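First the structure, in the form of structure tokens, and then the observations on it.
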């Protein structure tokens, strides 16, 4: 019998999707599921994107340039310049979602056994990408008591050794909702620069900011041009998750040239999706404003509802659309499963993500869940009520 | 200064696309380029696919299931049963092109330093996928004198050691056009089974057969169910290269479950592309017949034109749409570049792929090119004429 790879065996299951079979079973039984488990916005994609697809004039669905069309990358440069990020089309590689952007990045900077430092909890799939590239994730634990702000620079520096290649940050942060301040970003980038490391910043939630903090991008400061790698995507911003269009942006030309080699190997990003993403960049500027307003309202509703619950702690989402909630249970995964298999109100239940999968350290976050507030206010209210009553039944 | 990975530095440039900058320069000078370098068919995609895209009824471009929709995988099962391949939707993972299918496969069966045996010349990007996964490619050289048929089983067996995880075959073969016989496939699969290896067969050109040989799929023989991994794609069959829809098919459930983990990590294949690919499966059965007829005619033209050239040798393409041509030059890459930079007839020239990049062994194939006969007969005739006259000028 031929054997499976160690890395394949070791890749952790996605906490976001591992309970999908239980949700499917519930749906078969006629129970509606409110999905707070996955960052799939319910907001409409820009009409410009959908119309462009409906009006395509082509006979052959051809390969796209491996790095994405010049037009698209040029359009991205205009978008970035509105965010005080000044880059050129050649600084950009279009990828199949931010997922592929992270894979190319790890492969371009790490060999097997190399290490990357990431504050945890972090986007769970970073674990999978690291495993695929045989890269070791070194976690630095951030705490719910501190609203998951950046752990001390010293705690990062203590972990740096000659296998360390990068520090990875997600800002605004999935899964905590924390937005790193300019001071925090500069402090961690200074540390990366001091030790000749890359500083990789996943900014797919750049616009999703709900407090008066201003988002500071790693590429706003020219001092970090050699070290900085920006990971980005149209998925959340324009509700185009299924398009699978992401991008890598860096002023480090050696790095970009290496990413291009990996991009050439897999030939092309998806052509139709690129049309949709390109038109999203051209869409009405009120589109994003309305999206952020909507999420801002949902956040208020979420916080108001959560504040009524007893015995829980939660991170205050300053950005993105996630919050980590600490529950009065030993095993939040069992609770999440219970909601799908044994609990409903008016034939409706909730799917959440157990948070332990967002930690790399063992035995942390077992009592936490991540929720994505990607549903409208009415559904959010019902969802939190279901969690609240479900908790009471689960505990009793 | 942060450093690039060894694997990133070592990844070989794509022979198919590395000369693109020279082609772009030629185009800027007003020279039309006949592209024989890349397997981008000029055949129209099925109207059913394009119409389905134009008629989409959706407001949100949502994530697709990580393994692809049940409907699509079920449709694939029907397609396969028409080819004597009997599989279930759960035996299939939808991927972003055959490219991602190969990446998932290597990651699921190999750890860094593991080896895969591949007869060369082989599809050049196998090198890139292997490099990305730190897998060592062990080539077995097939010869133009034998029309690139399967080298002896003994030559494969001699290379098997405890790091060997798989034998990879492309059938029909890109870049040689060779179609392995049932006997050859069974012999190599028997060897894989004997040594507990996977036998990975890339069958993206399954229907592209021009002689009376019948294509024999690795999954037609149940004895190989534990060992067999089928790589496939809608790209060439339905002229949907830009869709980026491929798939992995295997009856080995451990393997498929492992691939699914990698698929979950990157979330989803592209949604719009899956709609196009699904409708292609439902398209008029004459579509493929007409496509194969057209390529069959092109092949005849190609062989007829090549037979007029002096001092060359070429592989007789029994399938796919490629041929390797051995030229009377020392450095076929220089010749390919010369065609783009210094030669044209009536403001037209040709882009071909230097074949050395399709070999893993050093210093083989330096005098060979690969051509893709993806243009109509008139263009093919002009292209071969340009190659012929270009050769005379290059040599003189």
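Observations on the model:
- Scanning segment B:19-56 for residues that are part of a loop (DSSP other than H, G, I, E, B), over 30 Å from residue B:297 (Cβ atoms) and at the interface with chain A (Cβ under 8 Å from one of its Cβ atoms) yields B:55, B:56.
- Residue count, segment A:211-227 (criterion: surrounded by 23 or more Cβ atoms within 10 Å (Cβ to Cβ) and within 18 Å of the chain's Cα centre (by Cα)): 1
- Scanning segment B:155-182 for residues that are assigned to a loop (DSSP other than H, G, I, E, B) and either over 27 Å from residue B:294 (Cα atoms) or assigned by TED's automatic domain parsing to the domain that holds residue B:325 (or both) yields B:158, B:159, B:160, B:161, B:162, B:163.
Here is a yes/no grid of residues against (1) buried (at least 22 other Cβ atoms within 10 Å of the Cβ); (2) within 30 Å of residue B:389 (Cβ to Cβ); (3) at pLDDT below 95:
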{"residue": "B:273", "(1), (2), (3)": "yes, no, no"}
{"residue": "B:282", "(1), (2), (3)": "no, no, yes"}
{"residue": "B:285", "(1), (2), (3)": "no, no, yes"}
{"residue": "B:297", "(1), (2), (3)": "no, yes, no"}
{"residue": "B:301", "(1), (2), (3)": "no, yes, no"}
{"residue": "B:309", "(1), (2), (3)": "no, yes, yes"}
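- Comparison of B:26, B:52 shows that the only residue that is farther than 30 Å from residue B:379 by Cα and over 26 Å from the mean Cα position of the chain (by Cα) is B:52.
- Which listed residue, of B:67, B:40, is in the same structural domain as residue B:378 (by TED's automatic domain parsing), buried (at least 19 other Cβ atoms within 10 Å of the Cβ), over 30 Å from residue A:195 (Cα atoms) and in contact (Cβ under 8 Å) with a residue 40 or more places away in the chain: B:40
- Residue in segment B:208-216 that is within 7 Å of chain A (Cβ to nearest Cβ) and modelled with pLDDT of 95 or more present: no
- Between A:139, A:112, A:151, A:119, the distinction of being in contact with a strand residue (DSSP E or B) (Cβ under 6 Å, 6 or more places away or on another chain) and part of a loop (DSSP other than H, G, I, E, B) belongs to A:151 only.
- Any hit, segment A:140-154, residues being within 12 Å of chain B (Cβ to nearest Cβ) and touching a helix residue (DSSP H, G or I) at 6+ places or on another chain (Cβ under 8 Å): no
Let's see how each residue does on (1) surrounded by fewer than 20 Cβ atoms within 10 Å (Cβ to Cβ); (2) in a loop (DSSP other than H, G, I, E, B):
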residue: A:184; (1), (2): yes, no
residue: A:199; (1), (2): no, no
residue: A:236; (1), (2): no, yes
residue: A:255; (1), (2): no, no
residue: A:261; (1), (2): no, no
residue: A:277; (1), (2): no, no
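- Within segment A:88-101, the residues that satisfy the criterion of being in contact with a strand residue (DSSP E or B) (Cβ under 6 Å, 6 or more places away or on another chain) and more than 7 Å from chain B (Cβ to nearest Cβ) are A:91, A:92, A:93, A:94, A:95, A:98, A:101.
The values are calculated or read from the model by the stated rules, or taken from the named source; none is laboratory data. Note that the structure is a prediction, hence the values are computed from the model and not measured. Every residue, glycine among them, receives a Cβ derived from its backbone with ideal geometry; neighbour counts consider all protein chains shown.
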